[in-house]
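The values are calculated or read from the model by the stated rules, or taken from the named source; none is laboratory data. What you are looking at is a predicted structure, and each value in this text was computed from that prediction instead of being measured. When we count neighbours, we look across all protein chains shown, and the Cβ atoms used for this are built from the backbone with ideal geometry, even at glycine.
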Amino acid sequence: MSDQSSIPPDEGPAYGPELEGFSYPWPVLNYEFVSQGVPLHMAYMDVRPAAPNGRAVVLLHGKNYVSATWQTSIAVLSEAGYRVIAPDQIGFGKSTKPAHYQYTFQQLAGNTHALLASLGIGRVTVVGHSTGGMLGVRYALMYPDSVDQLALVDPIGLEDWKAKGVPWQSVDALYQQELQTSADRIRECERTTYYAGTWQPAYEQWVQMLAGLYRGPGRELVAWNAALTSDMIYTQPVLYEFGDLRMPVLLVIGDKDTTAFGKEVAPPAVRATLGNYPKLGKEAASRIPHVRLIEFPDLRHSPQIQAPEVFHKVLLDWLRM
């Protein structure tokens, strides 16, 4: 267990390990299942439109996000007639944080597919942001006949950090790093990496959401699961399989995004080569057969939060193609 004296001073709301105390914008349901011999529950929102168009969208969140961070997108898509399923992956948000779990993108994709099957949903459009983009690619590769369209929103995994020289870190080392999480550290990381040195008050609720997990009684379990998912991100690249995607793909890139896994531990010469999203977006688009690349020169890692009207116009126009 951690040395409590090493925890940085941090004030704000404290939440339970499954985000108890933090409210989501729509009712939260739970998909109960057994995985790797452990009973789990996967929290999700199922938002049905007033005027259905017969299509369903599943939204896949990033590592420092949860399904609730899709709030504006859910409202826009629902208004446009789409049924929206927004899950918290195992290890995140209001879902189970197992004491032991072998995290793979295949496992998370399988969990998500089983959730959709339990709801009687056979075909979906998949929208993945950040780490959810890596998961979205894996889902589309595993279940190509179930995916009508795939939208990737500033996905990470457009480069292979290990191959570029980012050093390996043990899960134990990653866990110790996670135990140092505080609101100030989250805010500064997101300000410099996600938002290119800028900050808006609207971003703060998501900082406090994440920091609140580490202020609460489940901080060690939360940190352990975060370390395991970091190891998954580092060791399981998807970019080598971009050419196998057969469905239409929308690739949205905020050119001011500089997100790169392990950048903080990479040697300076390596660090300088990482997270070049204008270059990475074009390289990824050249590998994906049926792709539409949209670049936002002035946007960053979370265009759906930073400039929702601009982002959602692009998304809805593409969905209707």
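For the range 27-35, indicate whether the set of residues that are without any contact (Cβ under 8 Å) to a residue 24 or more places away in the chain and either β-branched (V, I, T) or within 25 Å of Y195 (Cα to Cα) (or both) is non-empty. Yes, the conditions are met somewhere in the range 27-35. If the requirement is being outside any strand (DSSP E or B), surrounded by fewer than 17 Cβ atoms within 10 Å (Cβ to Cβ) and polar (S, T, N, Q), which of these qualifies: S23, S78? The match here is S23. Regarding L60, is this residue more than 15 Å from the chain's Cα centre (by Cα), crowded, with 18+ Cβ neighbours inside 10 Å and more than 21 Å from A202 (Cβ to Cβ)? Here the answer is no, as L60 does not meet what is asked. For the range 235-287, the set of residues classified as polar (S, T, N, Q), free of Cβ contacts under 8 Å to residues at least 40 places away in the same chain and assigned to a helix (DSSP H, G or I) consists of S286 only.
So that you can scan it fast, the table gives a plain yes or no per residue for (1) over 20 Å from L210 (Cβ atoms); (2) buried (at least 21 other Cβ atoms within 10 Å of the Cβ):
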| site | (1), (2) |
| --- | --- |
| L221 | no, no |
| A226 | no, yes |
| S230 | no, yes |
| Q236 | yes, no |
| E241 | yes, no |
| L251 | yes, yes |
| D255 | yes, no |
| T258 | no, no |
| E264 | no, no |
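Just to be sure before I move on: is A14 of a type in the set (G, A, S), at pLDDT 95 or above, surrounded by 11 or more Cβ atoms within 10 Å (Cβ to Cβ) and part of a strand (DSSP E or B) in the structure I sent? Judged against the criteria, A14 is not a match. Is it the case that the range 105-125 has a residue that's touching a His at 6+ places or on another chain (Cβ under 9 Å), buried (at least 19 other Cβ atoms within 10 Å of the Cβ) and hydroxyl-bearing (S, T, Y)? So far as the range 105-125 goes, no, none of its residues is touching a His at 6+ places or on another chain (Cβ under 9 Å), buried (at least 19 other Cβ atoms within 10 Å of the Cβ) and hydroxyl-bearing (S, T, Y). Could you look through the range 26-57, keep only residues that are among the β-branched types (V, I, T) and in a strand (DSSP E or B), and pick out the one that is surrounded by the most Cβ atoms within 10 Å (Cβ to Cβ)? So the residue we want is V57. Filtering the range 290-321 to residues that are touching a Gly at 6+ places or on another chain (Cβ under 7 Å) and loosely packed, with under 15 Cβ neighbours inside 10 Å leaves nothing.
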